[in-house]
Amino acid sequence: LLRVGLIDLNAYFAVTEAAGSLINSSFGITPTITGNVPTSTFPKPGYGLMLQSREDRWQGRVGVFQGDPNDRSSLERAGEMALGEMVHRLPGPQGAIYKLGVWQYANPRLAGAAHGGLYGMWVQPLTARGARERSRVFLQWGANPGAHGGDLPYYLGLGADLAAPFDGRAQDRFTFGLARAWLRDLPAETVYEVSYLRGLTRSLFLQPDAQYVRHPSGTLPDAWVLILRLHFTLYE
């Protein structure tokens, strides 16, 4: 499968659906990527090209994206972001999912902006129900440790996404996670998050969310973040 055009690479690389109900951005694309280099993601995706293939329980994808998605007028002068990712699913309805990715970034416009790193993810389903009803635990990690590795060399995230946590609430989900981003020469930023997705109708959901953040950006005081979101879902 070939894709060309404006691409949000986070829709395909360095992401796990098991953490999709958590709101803090650390649980999305691996922060060792976005915390160090400009990246083709929402709300400003850039031009890119990617190839994807699948065979049995293996899936692979590679992609090349423009180095500065904020400037779409100079594709050849803003460097590039290249990624490769392999996915393996173990057999059975509760088979674990493993992801391993590598990335390289170079931009001649930015001094020292030659970075590269690794990331990985593990998801273990806890129940054998359908994909939208499945409970699971997850682990995420990223490393960008080189001498020119940017301000965020290491990341670790983990958590659980529990479907139908209470009897009679088949549409609800309870999710919690812990994310830690090590910052170069600063205290690490740590996020504790709990979230509850309550189904009001088949398409409408209410989501209260609470986060406690230690050392935001490594320099700011600890903070509480309380969020209430309303979701509307279109089903096929």
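Key figures
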quantity: FRET efficiency for Leu49 and Arg89, using Cβ-Cβ distance with R0 set to 22 Å, rounded to 0.05; calculated: 0.30
quantity: Protection proxy ranking of 187-194, 225-232 - average other beta-carbon atoms within 10 Å, highest first; calculated: 187-194, 225-232
quantity: Nearest-10 value in Å² for the accessible area of Met86, using the 1.4 Å probe; calculated: 100 Å²
quantity: Entry for Rg/Rh (Cα atoms, Kirkwood Rh) (calculated from the structure that is shown) out of (1) 0.95; (2) 0.98; (3) 1.08; calculated: (2)
quantity: Calculated FRET efficiency for the pair Val64/Ser203, C-beta based, R₀ 35 Å, to 0.05; calculated: 0.40
quantity: Rounded FRET efficiency, nearest 0.05, which uses the C-beta distance separating Glu17 from Ala82 and R0 of 22 Å; calculated: 0.35
quantity: Counting all C-alpha pairs of the range 130-232, share separated by more than 22 Å (%); calculated: 45 percent
quantity: For Tyr12, solvent-accessible area (1.4 Å; no DNA, RNA or ligand), Å²; calculated: 60 Å²
quantity: The chain: relative contact order as a whole-number percent, Cα under 8 Å and 6+ apart; calculated: 13 percent
quantity: The range 34-103: trypsin sites (Lys or Arg not before Pro) falling in loop per DSSP and having at most 13 other Cβ within 10 Å; calculated: Arg57, Arg77
quantity: Estimated 222 nm signal from helices in the chain, with DSSP H stretches of n ≥ 4 weighted -39500 (n - 2.57), rounded to 500; calculated: 0 deg cm²/dmol
quantity: Spin-label model distance (nm) - Asp151 vs Ala223, 7 Å beyond Cα toward Cβ; calculated: 1.4 nm
quantity: Label-to-label distance, nm, for residues given as Val102 and Leu234 (7 Å Cα→Cβ offset); calculated: 3.9 nm
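The values are calculated or read from the model by the stated rules, or taken from the named source; none is laboratory data. Not measured: the values here are computed from a predicted model. Positions of Cβ are backbone-derived with ideal geometry, glycine not excepted, and every protein chain shown enters the neighbour counts. Accessible surface is based on the protein model in full, side chains and every heavy atom, while ligands, DNA and RNA are left aside. Shrake-Rupley method; radii C 1.70, N 1.55, O 1.52, S 1.80 Å.
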